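One structure is given here, and the rest of the page talks about it.
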Amino acid sequence: MTNNEEKYTPEKELTRDGDLRLRVMYKSKKALYFGLAAGAVFCLTMLWPLVLMGVFILSLTGFVQYSIKDYIVVDIYDTNVIIYDLTNELARKVAYDDIVEWTCKHGTSSADTIMFKLKDGEYIYKDTFLFGKAYREFNKIMPKKESQAVRDVENSTKKLQFRNPFKRKDK
């Protein structure tokens with residue numbers, strides 16, 4: 001077992017502090033419902049190009065629904081966040097005080113990612129297609145720890161030094 005795996009405990013043994021604000025899952029149910037509705041509407045038009053498009057959308061939606069497993073990524077509570085592994089059997093509770101920085105990154109060729117940087121320098125990455133919901137909730141809870149806000153504070157404290165381009169260089 002690696003050092004990172006040792007920090008995860010069985011999910012049933014974790015104590016929940018505070019109220020559950022948001023549960024972030026891996027797949028978006030709204031996108032699947034939209035795909036079903038769009039595919040059905042295209043099929044009902046009886047125009048063969050749209051029917052083909054509808055069949056394609058319905059088959060893609062069915063493939064995603066039945067072949068890609070949905071699981072809990074994180075539970076956001078008032079005082080902490082619970083981060084789950086891929087099986088949802090192990091989980092890890094992280095207090096907001098232990099988080100130095102967080103962000104939600106948009107993936108170009110894969111799922112979007114929620115990233116946490118902890119006080120001990122450890123990074124935790126969790127993939128999800130619902131990063132927008134997580135971003136909004138974390139931004140309400142800890143807006144000053146979001147990566148862009150942290151960078152803005154660092155940049156404002158740096159002293160700007162300008163070099164005079166017209167000054168003669170000594171030989």
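Scan the range 115-137 for residues that are in a helix (DSSP H, G or I) and either β-branched (Val, Ile, Thr) or surrounded by fewer than 10 Cβ atoms within 10 Å (Cβ to Cβ) (or both) and the total you get is 0. Taken as a whole, the condition of being among the hydrophobic types (A, V, I, L, M, F, W, C) and touching a Pro at 6+ places or on another chain (Cβ under 7 Å) applies to Leu90. The selection criterion, being at pLDDT 85 or above, of a type in the set (A, V, I, L, M, F, W, C) and in a loop (DSSP other than H, G, I, E, B), does not hold for Leu160. Looking for something at pLDDT 90 or above and among the small types (Gly, Ala, Ser) - is there at least one such residue anywhere in the range 64-74? Yes.
In this entry, Phe138 is excluded by the filter for residues that are touching a His at 6+ places or on another chain (Cβ under 8 Å) and in the same structural domain as Thr15 (by TED's automatic domain parsing).
Only a single item in (1) buried (at least 19 other Cβ atoms within 10 Å of the Cβ); (2) at pLDDT below 90 is not met by Asn80, and it is number (2). Return yes when Gly107 is in a loop (DSSP other than H, G, I, E, B) and modelled with pLDDT of 80 or more and no when it is not. No; evaluated as a whole, the condition is false for this residue. Within the range 138-168, the only residue that satisfies the criterion of being under 20 Å from Ser28 (Cβ atoms) and either surrounded by fewer than 16 Cβ atoms within 10 Å (Cβ to Cβ) or over 13 Å from the mean Cα position of the chain (by Cα) (or both) is Asn139.
The values are calculated or read from the model by the stated rules, or taken from the named source; none is laboratory data. None of the values given here were measured: they were computed from a predicted structure. Methodologically, a virtual Cβ is constructed for each residue, glycine included, from the backbone with ideal geometry; neighbour enumeration extends over all protein chains shown.
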